[in-house]
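K.L.:
Have a look at the structure that comes next, please.
The values are calculated or read from the model by the stated rules, or taken from the named source; none is laboratory data. These numbers were taken from a predicted model, which means no experiment stands behind them. As a convention, Cβ positions derive from the backbone with ideal geometry for all residues, glycine included, and neighbour counts pool all protein chains shown.
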Amino acid sequence: LPAPANDRPLTPEPLRALAARLRCPNCGRPLAAGDRSLACEAGHTFDVARQGHVSLLPPGGRRARGDSGAMVAARAAFLGAGHFGPIADAVAAVAAGALRDEAGREPVIGDAGAGTGHYLAAALRGVAGARGIALDASAPALRQAARAHPRIAAVACDVWQGLPLRDAAADLVLNVFAPRHGTELARVLAPGGALVVVTPGPGHLAELVGALGLLGVDPDKDARLHARLAPAFASRARPHRRVRDGARTRGRPRPGRDGPERPPSRPRALHGRVGRLAEPVRVTASVTVETFAAVRPAR
Ligand SMILES: C[S@@+](CC[C@H](N)C(=O)[O-])C[C@H]1O[C@@H](n2cnc3c(N)ncnc32)[C@H](O)[C@@H]1O
Ligand SMILES: [Zn+2]
């Protein structure tokens with residue numbers, strides 16, 4: 001038997017406030033918030049999860065592979081220790097700059113591939129009244145994102161199957177070390193809105209890349225980023241801001257668990273190399289924070 005309705009969680013305030021910016025993944029109609037769910041006019045209903053997020057994944061099809069609980073926990077610990085603090089500060093500063101004319105209008109910031117909501121929360125702290133929509137395929141990540149800031153609504157989606165946002169729903173969209181679908185990002189941005197993309201720069205985590213035999217940053221990465229976002233976006237300034245700072249890991253990194261990298265394809269060999277690292281491991285963080293403007297509506 002289904003659980004009685006009053007056993008299910010109430011729709012959190014941020015999801016209520018932002019429901020009208022979301023769209024139904026089944027039919028594309030706008031959503032409205034009910035007591036314990038979001039629903040469209042056609043009657044498609046999406047229950048709020050116990051931890052406060054809602055899934056707007058399209059029906060059927062393959063499930064996107066979001067980060068596992070272990071990966072999310074490792075990332076939360078790494079980010080929570082402040083190792084990438086300067087990157088969060090840079091994102092917050094760029095977001096505040098991009099939204100400085102929106103003061104008093106409660107601008108909406110989307111974060112495509114938000115993970116734990118770390119960077120979205122940093123951006124929201126810098127823009128009074130702004131609200132955030134954390135978008136990710138990973139339920140463990142969204143549980144964290146829903147708690148990362150009181151003005152975050154956490155929504156499950158697969159960015160490759162379309163963002164569950166209405167056209168022009170966001171004044172700013174963040175995309176930090178995460179997959180990006182150019183035309184969808186352009187579609188959901190309001191006219192004059194900006195996309196802020198954070199990508200690894202040359203030398204990012206170079207000490208680990210060298211010692212562990214990981215894949216380094218592709219030198220053509222900037223060009224590929226621009227090609228992928230064109231023609232929907234034009235870079236406003238290139239690069240907008242670059243951060244370079246020492247980050248110190250606590251003890252040895254555990255492959256695939258600590259830090260921002262994906263699990264290795266050959267974990268055995270990598271574990272051996274990690275064991276030979278001298279502690280603490282001091283690494284360079286080098287990223288590009290770049291702002292793009294949508295040059296024309298995608299449709
Ligand atoms: C490297 S993490 C970055 C997370 C966060 N932006 C940060 O920097 O801490 C990439 C994120 O993208 C999410 N992701 C991967 N594929 C996705 C997809 N198809 N749709 C939505 N999210 C996806 C993962 O679950 C993960 O949270
Ligand atoms: Zn619908």
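K.L.:
Which of the residues spanning the stretch 13-46 are within 23 Å of L189 (Cβ to Cβ), among the hydrophobic types (A, V, I, L, M, F, W, C) and within 12 Å of ligand 2 (Cβ to nearest atom)?
P.N.:
Answer for the stretch 13-46, where residues must be within 23 Å of L189 (Cβ to Cβ), among the hydrophobic types (A, V, I, L, M, F, W, C) and within 12 Å of ligand 2 (Cβ to nearest atom): L22, C24, C27, L31, A32, L38, C40.
K.L.:
Could you look through the stretch 47-70, keep only residues that are crowded, with 16+ Cβ neighbours inside 10 Å and among the charged types (D, E, K, R), and pick out the one that is farthest from ligand 2 (Cβ to nearest atom)?
P.N.:
D67
K.L.:
If I ask for residues that are in contact with a helix residue (DSSP H, G or I) (Cβ under 7 Å, 6 or more places away or on another chain) and over 25 Å from T284 (Cβ atoms), which ones from the stretch 69-110 would you list?
P.N.:
Selection gives G69, V108, I109, G110.
K.L.:
Can you tell me which residue in the stretch 100-121 is nearest to ligand 2 (Cβ to nearest atom), limited to those that are farther than 19 Å from A178 by Cα and among the small types (G, A, S)?
P.N.:
By that ranking, first place goes to G104.
K.L.:
Any residue that is assigned to a loop (DSSP other than H, G, I, E, B), at pLDDT 75 or above and closer than 24 Å to L79 by Cβ - is there at least one of those in the stretch 251-270?
P.N.:
No, there is no match, as no residue in the stretch 251-270 is assigned to a loop (DSSP other than H, G, I, E, B), at pLDDT 75 or above and closer than 24 Å to L79 by Cβ.
K.L.:
In the stretch 132-178, what residues are charged (D, E, K, R) and more than 16 Å from ligand 2 (Cβ to nearest atom)?
P.N.:
D136, R143, R147, R151, D158, D171
K.L.:
Determine which member of the set A168, A139, A153 is under 21 Å from M71 (Cα atoms) and modelled with pLDDT of 95 or more.
P.N.:
Answer to the selection: A139.
Residues checked against (1) over 20 Å from V198 (Cβ atoms); (2) surrounded by 24 or more Cβ atoms within 10 Å (Cβ to Cβ):
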site	(1), (2)
A123	no, yes
Q144	no, yes
R147	yes, no
W160	no, no
R166	yes, no
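K.L.:
Does any residue in the stretch 102-121 that is in contact (Cβ under 8 Å) with a residue 60 or more places away in the chain come within less than 7 Å, Cβ to Cβ, of a residue that is within 8 Å of ligand 1 (Cβ to nearest atom) and of a type in the set (S, T, N, Q) six or more places away or on a different chain, and which pairs are these?
P.N.:
A112/N175; G113/N175
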